[in-house]
Amino acid sequence: MKKLIQGKENLEKVTLLIGLTSIKSKAMHRALIEYYCSDTNRKKRATALMNDVKETNLNRDMKKINIVAGKLERLKEIDWPEYKELRDNKKAA
């Protein structure tokens with residue numbers, strides 16, 4: 001499931017998501033950041049080549065980061081009703 005959009009993501013968000021994975025390669029970090037945060041619209045293959053990583057590894061790590069993003073979105077969905085209720089109660093008080 002894709003949660004992140006190529007070229008449209010915030011650098012801080014992607015950096016934090018990478019930090020929640022087991023991805024250690026600095027070259028892979030650069031490739032993921034370039035793909036998700038840069039508006040160059042490069043294909044995955046070109047992004048991999050430009051950052052000296054294998055395209056198969058880039059695909060693998062894109063799946064990892066999207067899984068983490070999906071789990072965080074799900075957590076927000078779970079917490080939102082409670083947060084909204086607290087916020088509404090604060091406004092009413």
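The values are calculated or read from the model by the stated rules, or taken from the named source; none is laboratory data. Just so you know, these numbers come straight off a predicted model, no measurement behind them. Don't worry about glycine lacking a Cβ; one is built from the backbone with ideal geometry, like all the others, and counts go over all protein chains shown. Only protein heavy atoms, including side chains, enter the accessible area calculation; ligands, DNA and RNA are left aside. Shrake-Rupley method; radii C 1.70, N 1.55, O 1.52, S 1.80 Å.
Numbers at a glance
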| read-out | value |
| --- | --- |
| Failed item, numbered, when Leu16 is tested on (1) exposed (fewer than 14 other Cβ atoms within 10 Å of the Cβ); (2) without any contact (Cβ under 8 Å) to a residue 12 or more places away in the chain; (3) in contact with an Asp or Glu (Cβ under 9 Å, 6 or more places away or on another chain) | (3) |
| Subset of region 46-93 (residues that are open to solvent by less than 60 Å² (accessible area, probe 1.4 Å) and without any contact (Cβ under 8 Å) to a residue 12 or more places away in the chain) | Ala46 |
| Which listed residue, of Met28, Met50, Met1, Met62, is touching a helix residue (DSSP H, G or I) at 6+ places or on another chain (Cβ under 9 Å) and modelled with pLDDT under 95 | Met1 |
| Residue under evaluation Arg42, criteria (1) open to solvent by 100 Å² or more (accessible area, probe 1.4 Å); (2) in contact with a Phe, Trp or Tyr (Cβ under 9 Å, 6 or more places away or on another chain); (3) without any contact (Cβ under 8 Å) to a residue 12 or more places away in the chain, criterion not met | (1) |
